[in-house]
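Structure record follows, encoded as structure tokens.
No value in this document is a laboratory result; all are computed from the given coordinates. Note that the structure is predicted; figures quoted are calculated from it, not measured.
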Amino acid sequence: SYIEICSRNDPNIENCIINSIEKVRPKLLTGLMVPCSAGIPELDVPPIEPLVLKEVVVSRGANAAIFRAVGSNVKVYGPAQFQITGLKVDLKNMVFYINLKLPELYFDGDYDVNARILILPLRGKGPIKANATDCTADVVLRGQVYKKKGEDYLRFQSIEIDLKIGKFHVHLDNLFGGDKVLGKWMVIVAITVPGEATNAALNENRSEFIETLRPIAERTVGEVILEIANKITNNFSLKELFSDS
């Protein structure tokens, strides 16, 4: 079985659920990283290592006049290495409170950006590499019980995520179309929240920079969690997930 059946009367039900998630984790890796593993095809659950995003659009300001960036064919490495640092379950209302730690995430792909940071226009397109470390996420999953073939099943309806980014580093190639003079401004940004400043200008505006990126990151993580959670619960009745014994 892909899951560990947990008793709803178990005083340590949270530990049981965590063990069940740990049992599924290796299946979320691709075959390149773990032999004979590529998601869970029987449950239609895709692998998340790497997590492939065909397009990511980040914009801010009226008609995206202040900041607009498009990432394409972005691969994210590290999401399957998440750590559950806290879990509280309300089975009566089907609400799950989860605290996650993401030790390290690495991204690569292509970008197309037209933005302004301070007085510096930022334009270009090309390869992008980035990494984020020491990220945490507070997650609230809200579900609802529904009937299928005479049995009770669980479907998660919504997710709320509060994502905090630790250190973030991004490297954009071919800024300003490869202009030899402006190319010296190629962005290598290291931001620590809270803590070390990297350079005065970006440090003064780091909150705005991160707040621009955070909503799309929260939405993307939320969509992935909802998709995987619902594909799993769609294949197991509530009694198979949480027994009455």
Legend entry - Hz values of 3J(HN,Hα) by residue in segment 84-95 - Karplus curve (6.51, -1.76, 1.60), Gly and Pro given as x: 8, 9, x, 8, 10, 10, 10, 6, 4, 9, 6, 10
Legend entry - Partner aspartates and glutamates for LYS23 [C-alpha distance under 20 Å; skip if fewer than 8 residues away on the same chain]: GLU4, ASP10, GLU14, GLU42, ASP44, GLU49, GLU227, GLU240
Inset, instruction - Sequence neighbours fewer than 8 away in the same chain don't count; with that in mind, list the lysines whose C-alpha is under 18 Å from LYS125. - result: LYS54, LYS75, LYS180, LYS184
Legend entry - Proximal lysines relative to LYS148, as straight alpha-carbon distance under 25 Å, when same-chain residues fewer than 8 apart are discounted: LYS92, LYS231, LYS239
